[in-house]
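The values are calculated or read from the model by the stated rules, or taken from the named source; none is laboratory data. Because the structure is predicted, anything quoted here is derived from the model rather than measured. All Cβ positions, glycine included, derive from the backbone under ideal geometry; neighbour counts span all protein chains shown. The protein model used for the area step is the full one, side chains on, heavy atoms only, and it has no ligands, DNA or RNA in it. Shrake-Rupley method; radii C 1.70, N 1.55, O 1.52, S 1.80 Å.
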Amino acid sequence: MKVRPPGPGHYDEMLLAGNGIREHYRDYGQWLESCDEAWLAQRRQEADLLFHRVGITFTVYGDEQGAERLIPFDALPRIIPAQEWQVLERGLAQRVQALNHFLHDIYHEQHILREGVIPSEQVFTNTQYQLAMQGLDLPHDIYTHIAGIDVIRNNDGRFHVLEDNLRCPSGVSYMLQNRIMMMRLFPELFARYPVAPVAHYPSLLLDTLRHATPVDNPCVVVLTPGRYNSAYYEHAFLAQQMGVELVEGVDLLVKNEHVYMRTTAGLQQVDVIYRRIDDDFLDPLAFRADSSLGVPGLLSVYRKGNVVLANAMGTGIADDKSIYPYVPDMVRFYLSEEPVLENVHTWQCRRPDDLSYVLDNLHELVVKETHGAGGYGMLIGPKATQAEIEEFRARLKAAPHEYIAQPTLSLSSCPTFVEEGVAPRHIDLRPFVLCGRETRIVPGGLTRVALRDGSLVVNSSQGGGTKDTWVLEEVTPC
Amino acid sequence: MLSRIADNLYWMSRYLERAENTVRLLDVTQTVSLMPVGANQDDLNALLEISGLRSGYQSSHHALALPDVLKFFTMDEANPGSIYNCLRMARDNAHAARGKITAEMWESINSTWLDMRLRRTREIGVWNANAFFDWVKERSHLFRGATYGTIMRTDAYQFIRLGTFVERADNSARILSVKFHRIEDYDRPVSVADLYQWTALLRSVGAFEAYQEMYRGEVTPAKVAEMLIFRPDFPRSLRWCLDSIASILVKIRGDAGLAAKRQSAELFARLNYGHMDDVLAVGLPEYLQGLMADIADIGDSIRKGYLEAV
């Protein structure tokens, strides 16, 4: 099949400007050229059928029928050469380490505020700041055991961090299933490419969770909101892969200052909860009283240190979009290192200068709510209608501190199998960082792709798809 | 294991077994309707009686006719006992216990459900019902095979099998009690006209071939009853079901289900050391009423001991 070239000025993962092909895609390019479109379409159909059968679906909120949908899977891999991955890996580990330091500091002595690196009001007036965490010591001072860092490549070819996800990052099951699918569909490619394996992620995750408590031989569970949650498939998959119980709030109870689960053999003590429920819903006695998802009394057990939550409560203060601009400063402050990975330039609308710049340039900026997630509640200036821009202008003026703005990035593109053939589509990357005894990252992550031509929104809730991510291993000559 | 998950697994297999049993009943009713004697109102009534769905049917239908009954039992969304709903509930329970069943089991039950939704878009009638019945039985066999071949022999497996046998025991007892309602002489060979009814009954529990092999020739109500109640080697007899239930419960760890363990062992002993003479002495309908009540009690004790959150 022929690969359509990207527009001028774009960075493409596979093609060079002027019709060349990047070194690490050369073999693949030759293989792709020899593929027949009908054959590839057939493979894709096979993948859809398999995904459906295995039940790898997600629920779209607001969908009237509550229908379960497949996240579109693209059969063309995103390939990352070994040297680039090494830089990413170093940068990600460094960043998450700094974020953990920040969380510990914020909930203890607050050096970073006292030295004026971050304005105090940015933390204390933030709804994500969790007063219940103040002064609480956690095992190994780890707050975010599992982090998903969204990374994009700009048209200068450099990686930038777009967003940190430190609460309940999801998507890792797609990383694992996409690989299984690719190996099933195209075994011949894996013979040609030294693709670094990712299948050991669940065992690393279990190791991380077991290390999160001082208890010997701890009982670990995964806490899910239930099967109507959009990521239920992932919760069940991870629990099964780790060989631990998948529990719902109703399965747990607090008794004698410990958390127990109800089993057919009576009550069993729980030591570590890998929770996939937001802070607000964890304990109806402490937070939202209307939550039926949580466990009454959980917070008091947590504060006594008799149960570990992964991730900890209150991590949202570190991945909030209003704190994001300060992450490079955190790296310098806590680690005395220069950040390996850059941020995307961000205007903070709470600053009058930034606000007036943003208001003057709305048509070319991306404006986001500081607490928003999932691609909801954002304005993409160049794609917006005049009415939408005016609506955001009013919202910005009314509550400037609730917004940040960033330049419209040209996310790098990657050849993708769409209706018109193989054409460039914009992608990002979410690698998963595990913090336990050491910081570990399986080589790869979830590559999300915006399937509509020119679109920059890769969120699955907004019609994005996924790709398998191949990190190549360095082939050492014998 | 988690009580909630045990509940899901138990009901997953109960609903699947219920779908299979319903299909067997429909299958013979439909077959009888093709014979010269035809299916009469009694047969259709018996179907509603056995499944306990008479009032549900009557609330939406005026007449009792085979095509309507077929639709009611297969595709009717409003009928909680329809095959459609049984498969939906089985799949929903499997979905909730996704983490405790193997990928093969999940794929089997999920694709059954996806296929069911597709089949529901097509009309079902006397002309194509057989293919549908065969399909349901096949899917049930496939799931059982996937379970048998892939799952670890932990408590999860025990609760899955428990659901199967509690449902099956209940079903066998219901079939017997409806069909034996008005028999006067249990030892007289049945008339030619009735023969169809009796062979149909045997077929409805998949016992026709086994009966021929065990008893050869003559069909008498007493022998049919004996087979379905006491045979130690027929996998749908009450004795077999209770043997299974009692020995499964023994394997489940903990003291939570002592009542269920005791009741099932007691009932099994009665069947294991029982005889048709005892049955006839109290009268078959009365004996069966007692059995059904005991099976319901065991189901209750299982629910209280294991499945309900404390």
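Determine whether B:Ile50 is at negative phi, under 19 Å from the mean Cα position of the chain (by Cα) and surrounded by 22 or more Cβ atoms within 10 Å (Cβ to Cβ).
Criteria not met by B:Ile50.
Any idea which of (1) open to solvent by 20 Å² or more (accessible area, probe 1.4 Å); (2) within 20 Å of B:Val28 (Cβ to Cβ); (3) modelled with pLDDT under 90 is the one B:Pro235 doesn't satisfy?
Evaluating B:Pro235 over (1) open to solvent by 20 Å² or more (accessible area, probe 1.4 Å); (2) within 20 Å of B:Val28 (Cβ to Cβ); (3) modelled with pLDDT under 90 leaves (3) as the failure.
Which condition number does A:Ala423 fail, the rest of (1) touching a Leu at 6+ places or on another chain (Cβ under 7 Å); (2) at pLDDT 90 or above; (3) hydrophobic (A, V, I, L, M, F, W, C) being met?
(1)
Going by what's in this entry, would A:Val295 be described as closer than 26 Å to A:Gly464 by Cα, touching a strand residue (DSSP E or B) at 6+ places or on another chain (Cβ under 6 Å) and not in a helix (DSSP H, G or I)?
Details: closer than 26 Å to A:Gly464 by Cα: no; touching a strand residue (DSSP E or B) at 6+ places or on another chain (Cβ under 6 Å): yes; not in a helix (DSSP H, G or I): yes.
No; evaluated as a whole, the condition is false for this residue.
Check B:Thr31 against each of (1) in contact with a Lys or Arg (Cβ under 8 Å, 6 or more places away or on another chain); (2) hydroxyl-bearing (Ser, Thr, Tyr); (3) surrounded by fewer than 17 Cβ atoms within 10 Å (Cβ to Cβ) and name the one condition it does not meet.
B:Thr31 satisfies all of (1) in contact with a Lys or Arg (Cβ under 8 Å, 6 or more places away or on another chain); (2) hydroxyl-bearing (Ser, Thr, Tyr); (3) surrounded by fewer than 17 Cβ atoms within 10 Å (Cβ to Cβ) except (3).
So the check is Cβ under 7 Å with 6+ separation or different chains; which pairs have a first residue in the stretch B:48-62 that's within 19 Å of B:Arg18 (Cα to Cα) and a second one that's open to solvent by 30 Å² or more (accessible area, probe 1.4 Å)?
Taking only residues 6 or more apart or on different chains, the pairs are B:Leu48/B:Arg54; B:Glu49/B:Val178; B:Ile50/B:Arg174; B:Ile50/B:Val178.
Which of the residues belonging to the stretch B:96-130 are in contact with an Asp or Glu (Cβ under 9 Å, 6 or more places away or on another chain), of a type outside the set (Gly, Ala, Ser) and more than 14 Å from chain A (Cβ to nearest Cβ)?
B:Arg120, B:Asn130, listed by residue number.
How do the helices (runs of 4 or more DSSP H) wholly within the stretch B:226-310 filter down when requiring 2 or more residues that are over 21 Å from the mean Cα position of the chain (by Cα) and without any contact (Cβ under 8 Å) to a residue 24 or more places away in the chain: which remain? I'd like the intermediate steps shown before the answer.
Details: elements: B:238-251, B:258-272, B:276-282, B:284-302.
Output list reads B:258-272, B:276-282.
For A:Thr208, are the conditions met, namely being within 13 Å of chain B (Cβ to nearest Cβ), more than 30 Å from A:Cys35 (Cβ to Cβ) and among the polar types (S, T, N, Q)?
Values: within 13 Å of chain B (Cβ to nearest Cβ): no; more than 30 Å from A:Cys35 (Cβ to Cβ): yes; among the polar types (S, T, N, Q): yes.
No; evaluated as a whole, the condition is false for this residue.
When you go through (1) away from chain A (no Cβ under 14 Å); (2) open to solvent by less than 50 Å² (accessible area, probe 1.4 Å); (3) basic (Lys, Arg) one by one for B:Lys261, which number turns out not to apply?
Among (1) away from chain A (no Cβ under 14 Å); (2) open to solvent by less than 50 Å² (accessible area, probe 1.4 Å); (3) basic (Lys, Arg), B:Lys261 violates only (1).
Going through the stretch A:234-255 one residue at a time, which ones are assigned to a strand (DSSP E or B), more than 7 Å from every other protein chain (Cβ to nearest Cβ) and crowded, with 22+ Cβ neighbours inside 10 Å?
So the first thing to find is which residues in the stretch A:234-255 are assigned to a strand (DSSP E or B), and the list is A:245-247, A:252-255.
Imposing the further condition that a residue be more than 7 Å from every other protein chain (Cβ to nearest Cβ) reduces the set to A:252-255.
Correct list: A:Leu252 only.
Among the residues in the stretch A:438-449, are any touching a residue at least 40 places away in the same chain (Cβ under 8 Å), of a type in the set (A, V, I, L, M) and more than 30 Å from A:Ile380 (Cα to Cα)?
yes
What number of residues within the stretch A:302-317 are more than 18 Å from A:Leu131 (Cβ to Cβ), crowded, with 21+ Cβ neighbours inside 10 Å and either more than 23 Å from the chain's Cα centre (by Cα) or of a type in the set (S, T, N, Q) (or both)?
Selection size over the stretch A:302-317: 1.
State whether the residues of the stretch A:266-275 include one that is outside any strand (DSSP E or B) and either over 27 Å from B:Asp255 (Cα atoms) or among the small types (Gly, Ala, Ser) (or both). It would help to see each step written out before you state the result.
We begin by selecting, within the stretch A:266-275, every residue outside any strand (DSSP E or B); these are A:271.
If we keep only those that are either over 27 Å from B:Asp255 (Cα atoms) or among the small types (Gly, Ala, Ser) (or both) too, we end up with none.
Among the residues of the stretch A:266-275, not one is outside any strand (DSSP E or B) and either over 27 Å from B:Asp255 (Cα atoms) or among the small types (Gly, Ala, Ser) (or both), which makes the answer no.
Out of the stretch A:256-281, which residues are farther than 29 Å from B:Trp106 by Cβ and either open to solvent by less than 40 Å² (accessible area, probe 1.4 Å) or in contact with a helix residue (DSSP H, G or I) (Cβ under 8 Å, 6 or more places away or on another chain) (or both)? Quick ask: steps written out before the conclusion?
Quick first cut of the stretch A:256-281, residues farther than 29 Å from B:Trp106 by Cβ only: A:256-258, A:269, A:279-280.
Hits for the stretch A:256-281 are A:Glu257, A:His258, A:Asp279.
Filter the stretch B:274-293 down to the residues that are closer than 27 Å to B:Gly163 by Cβ and open to solvent by 80 Å² or more (accessible area, probe 1.4 Å) and list them by number.
Result: B:Gln289, single match.
Here is a list of conditions, (1) without any contact (Cβ under 8 Å) to a residue 60 or more places away in the chain; (2) of a type in the set (Val, Ile, Thr); (3) away from every other protein chain (no Cβ under 14 Å), and B:Val136 meets all of them except one; can you say which number that is?
(1)
Could you name every one of the helices (runs of 4 or more DSSP H) located completely within the stretch A:64-139 that has at least 2 residues being closer than 30 Å to A:Arg153 by Cβ and touching an Asp or Glu at 6+ places or on another chain (Cβ under 9 Å)? Spell out the reasoning first.
Details: elements: A:82-106, A:111-114, A:120-124.
The qualifying helices (runs of 4 or more DSSP H) are A:82-106.
Taking the stretch B:197-224 only, how many residues are among the aromatic types (Phe, Trp, Tyr) and surrounded by 18 or more Cβ atoms within 10 Å (Cβ to Cβ)? Outline the logic, then answer.
Our first condition is that a residue be among the aromatic types (Phe, Trp, Tyr); within the stretch B:197-224, this holds for B:198, B:208, B:211, B:215.
When the remaining residues are screened for being surrounded by 18 or more Cβ atoms within 10 Å (Cβ to Cβ), the result is B:198, B:211.
Total satisfying the criteria: 2.
Where in the stretch A:146-231 are there helices (runs of 4 or more DSSP H), lying fully within it, with 2 or more residues that are in contact (Cβ under 8 Å) with a residue 40 or more places away in the chain and crowded, with 21+ Cβ neighbours inside 10 Å?
Values: elements: A:172-185, A:187-192, A:201-211.
Counting at least 2 such residues, we get A:172-185, A:201-211.
When the stretch A:403-453 is examined, which residues are found to be out of contact with any helix residue (DSSP H, G or I) (no Cβ under 6 Å at 6 or more places or on another chain) and basic (Lys, Arg)?
Answer for the stretch A:403-453, where residues must be out of contact with any helix residue (DSSP H, G or I) (no Cβ under 6 Å at 6 or more places or on another chain) and basic (Lys, Arg): A:Arg425, A:Arg430, A:Arg448, A:Arg452.
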